[in-house]
Every structure is written in C-alpha cells, then in structure tokens.
1. Could you pull out which residues in region 5-24 have an amide N less than 15 Å from a spot 7 Å beyond the Cα of Leu210, following the Cα-Cβ vector?
2. Just to be sure I understand the model, the point goes 7 Å from the Cα along the line to the Cβ. What's the resulting Val324 to Ala238 distance in nm?
3. Between Phe333 and Ile52, what is the FRET efficiency for a Förster distance of 22 Å, r being their Cβ-Cβ separation, to the nearest 0.05?
4. Quick one: if you stick a label point 7 Å off each Cα along the C-beta vector at Asp296 and Lys65, how many nm between them?
5. Expressed as a whole number of Å, what is the distance separating the alpha-carbon centroids of region 267-303 and region 48-85?
6. If you stretched the chain out fully between Ile143 and Gln357, how much longer would it get, using 0.36 nm times the residue separation minus the C-alpha to C-alpha distance?
7. Which of Pro170, Leu57, Ala180 sits farthest toward the positive end of the charge dipole of the chain, with +1 on the Cβ of Lys and Arg and -1 on the Cβ of Asp and Glu?
8. With +1 assigned to the C-beta of every Lys and Arg and -1 to the C-beta of every Asp and Glu, and no other charges, what is the dipole magnitude of the chain about the Cα centre in debye, to the nearest 20?
Amino acid sequence: MQNKLNNKIYYEQFLLMSFICLVTFKVVMLPQYLVKTAGNQSFLIMFFLIAIEIMMLCVVFGITKNKSLLELDIPKWLKGAFAILIFSSSLLKSAVLGSEGVSYVATSLYANVSWSFVTLAIIGVCIYLAHKGGKVLGRTVQIFFWIMIAAFVFYGVFHNANLDPVNLLPLKISSDLAVAGDKCLMWFGDFTPLLFMTARPSQNHKKINLAIWIIIAVLAVLICTVGLMIQFLCIFGASGAVVGNAFLNVSSLNKIAFMIGSVDLPTVLSWLIMCVIKISLLLFAMAECAKFFFGDKALVSVVCGAIVYAIIVYGIGNLKTSYVLATSWLRYFAFFTEFLVTIAAYIAMRISDNKKQKNNASQPQMNKEEAYEKA
C-alpha cells in the first residue's frame, strides 16, 4: 500500500517529467551524431521522431490516469513479461545515456576527473531518488523546474549568436534521414518509466488549465529539441559533426560571455538537474521491475544502481565505447521495447475494462432473474 502511495503524482508533475524524459539527452551528443549522417537536414528527423514520442506519451498518460502498470488488472504473467523487458531496456539506456552525462561532467566541468568518482556521485543521488518513488521525483521536478525556467529566460534574453539560415538549405528529403534516424534510435523512446506512476488531478485542477499545460509542454519540448537543432545547424553548419555538447556550445554564445567571459552556470546547472532526474527515472523503473519479482526492499534500488555503476565505469569507460554500444543492434531492442510494451499494456488495460463493464452490465440482469425465481 505504501509503495502505491509513493508513486502517485499530479498531472502537472507528469508533464514536467515527460519534458525531462524527452529533452535531456537529445541536446548533448545527439545533434553531433545526427549532423554526421544527415547533414543540414537532421532537424527533420529530430522533429519526426519527437512527434512520435509525444503521441506515445498520450498513450502513457491514458494508462497512468487509470493505474500504474503493475497495478493494472491484467494477467500476472503479462506484468512479469513487461517488467523483464522494461528492466532490460532501462538498464541499457541508463548505462548508455548515463555515460554521456558522466563524460560531460568529467571533461567539461573538471579537468579529466576519473569516471569512477563522477559516476559514484551521480548514481548515489539517483539511487536515493529512485528509492523514494514517483511522488518524491515529481516534487523534486517541481522544485527545480524554476531553475530550468531561469536558464531558458537567461538564454532568451542574452542570446547573441550569428544564425545563418543558409546552412539549412537545400531542403530535401533523402535516404540519409532514414539512416540517421535508424542509427540514433537509442536516444528516442523515453517514456516507459512513467508507466510505473499513477497520475491524478491536483486540488486546483481544471480541464482548461491542463490543456494549457499540455500545449506549453509540447511547445517546450519542440523548442528545446528541434529548435536547438536548427540553431545548432545555423551556427555551426556542417562543422557541427565535430561539435559535441550542443546545449552548452549554443547557450555559451550570449552577450555577457562576449563582455566578461563564459557564463554557463544557469544552463549547466539546469541540465545537470535534468540529467540526475532522467537517470533517477530509469533507475526507478528498474527498481519497480525488480520489486515485482523480489519484493519491496530498499536493497533493490541499491543493487540496480550498483549494476549501472559497474557497466558505466568498467564496461563502457569512455564516450567512444558508449557510442558504439548505442548504435549497435541493441538500439532496436531498446527502442521497440518502449513502443511494444506501452501499446500492449494499453490494449490489455482496455480489454480488462471492457470485461468489467460487461460483467457489471450483466450483474443487475442476473439479480432480477434470481429475485423473480425466489418470488
């Protein structure tokens, strides 16, 4: 019972976590990888895949409005299959995407600090948040949301980059887009951790307010992903294929930086918060899947975090290996698991609901027949 209460969140918190899931690791190394393959048209494939993710989040929201995945009235064996698939997908994504976060901190924020120390610091915080559950994650997002807003406003006010729209031309659809999308599937499909939460309206909930929140969330996702991709291309053009950490290199071009030097603190701080919450969500999904088999124990979150730590530090160890792993055949497993589990869970939920409605509809009729027989 306590575990169920820990995973209840408000609609607004669901939207904020959806934003973090979709944006966080699409603004680091992904723009560079897309430009390498698709060139100046890479923003098109970014838009296409982001649009698919947003539509799938509508399905996820439809499930979480009812119950969390493991609370649905569906066969236990099906829940077990979902748990195994999501655990494997979340483990792979947390290792690959976590490596990007560790690499950024170890090389950009510090002078080549050991991955083991950086990973320990990040994973330690993520284990705690994952163990506390969806409610704490939702409140954490709400608290630090204002830092993200401050960074966004700061960038909008002081932005001072020379944008050259010519870098986006010529506009054409080519096979390179499909190749780029195929190669970078690991960075898309980031919504299954949200399936383990139950979304409910807040005390001040209004349908109009929710609609406004949804519109703002969708626009924010598109601006922070597709919009950043377009700016990245307009600024760096084809040379973007050798420019990593897109969010930092774009945001660093501001008026204050030209006057007093680098002013990256708002952007870096907001992204680090998003990185920690994103990895925490993946660890949270892993822990919930493991608890389905081993029970609700605090040690489960620690073990999941330790596995991710070992893979990042001893299995991957550098950004090049992370990229090789991300573009291997495992990308198909991670990507399609997200979609297949979500769609299958929604269908199973609808079938279960329809059966309940039929049973409820037939029950009054049976009661009438029994009463008639007694009479």
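1. 9-16
2. Placing both labels 7 Å beyond Cα along the Cβ direction yields 2.9 nm.
3. Computed FRET efficiency for Phe333 and Ile52: 0.80.
4. Roughly 2.6 nm, to one decimal.
5. 17
6. 73.0 nm
7. Of Pro170, Leu57, Ala180, it is Leu57.
8. 740
Just so you know, all these numbers are worked out from the coordinates, no wet-lab data involved. Given the structure is predicted, the values throughout are model-derived calculations rather than measurements. As a convention, Cβ positions derive from the backbone with ideal geometry for all residues, glycine included, and neighbour counts pool all protein chains shown.
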